[in-house]
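Could you have a look at this structure, given as structure tokens, before my questions?
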């Protein structure tokens, strides 16, 4: 299994309990990461438009991850 560091912003930071977390995955895709994060932090499932960025670009579920990638959780933004 590979270990990844995930940065969190906005409400995602509150759910994770901090600005970042480390997570080990059996796979190496954004989909595997999303599944593992929701398993560990079920409240993330409520963020319907939660985006995952890899190396400063939004990433779809099929994107392959490398251990050195910068991975960020970008929650929906609201405001007026």
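Here, each number is a calculation from the coordinates, and none is a lab measurement. Fair warning: this is a prediction, and the values are worked out from it, not measured in the lab. Note: ideal-geometry Cβ built from the backbone for every residue, glycine included; neighbour counts use all protein chains shown.
Quick check on my filter: what residues within region 46-55 are closer than 14 Å to residue 71 by Cβ and either surrounded by fewer than 17 Cβ atoms within 10 Å (Cβ to Cβ) or over 12 Å from the mean Cα position of the chain (by Cα) (or both)? If you could, list the steps in order and put the result at the bottom.
Pass one, region 46-55, residues closer than 14 Å to residue 71 by Cβ: 50-55.
The answer is 51, 55.
Let me ask something else about it. If you scan region 11-20, which residues turn out to be under 10 Å from the mean Cα position of the chain (by Cα) and surrounded by fewer than 17 Cβ atoms within 10 Å (Cβ to Cβ)?
If the condition is that a residue be under 10 Å from the mean Cα position of the chain (by Cα) and surrounded by fewer than 17 Cβ atoms within 10 Å (Cβ to Cβ), then 20 is the only one that fits.
Still on this structure, I have one more. Run down 59, 8, 43 and say which single residue is surrounded by fewer than 14 Cβ atoms within 10 Å (Cβ to Cβ) and touching a helix residue (DSSP H, G or I) at 6+ places or on another chain (Cβ under 7 Å). Walk me through how you get there before you give the answer.
Working: 59 fails: surrounded by fewer than 14 Cβ atoms within 10 Å (Cβ to Cβ); 8 fails: surrounded by fewer than 14 Cβ atoms within 10 Å (Cβ to Cβ).
Sole residue among the options that is surrounded by fewer than 14 Cβ atoms within 10 Å (Cβ to Cβ) and touching a helix residue (DSSP H, G or I) at 6+ places or on another chain (Cβ under 7 Å): 43.
Could you check residue 14 against (1) over 16 Å from residue 66 (Cα atoms); (2) in contact with a strand residue (DSSP E or B) (Cβ under 7 Å, 6 or more places away or on another chain) and say which number it fails?
(2)
Of all residues in region 26-45, which are within 12 Å of the chain's Cα centre (by Cα) and under 12 Å from residue 64 (Cα atoms)?
Residues satisfying the conditions are 29, 30, 31, 32, 33.
Which ones in region 56-80 are more than 12 Å from the chain's Cα centre (by Cα), more than 15 Å from residue 20 (Cβ to Cβ) and part of a loop (DSSP other than H, G, I, E, B)?
Residues satisfying the conditions are 56, 62, 63, 66, 76, 77, 78, 79, 80.
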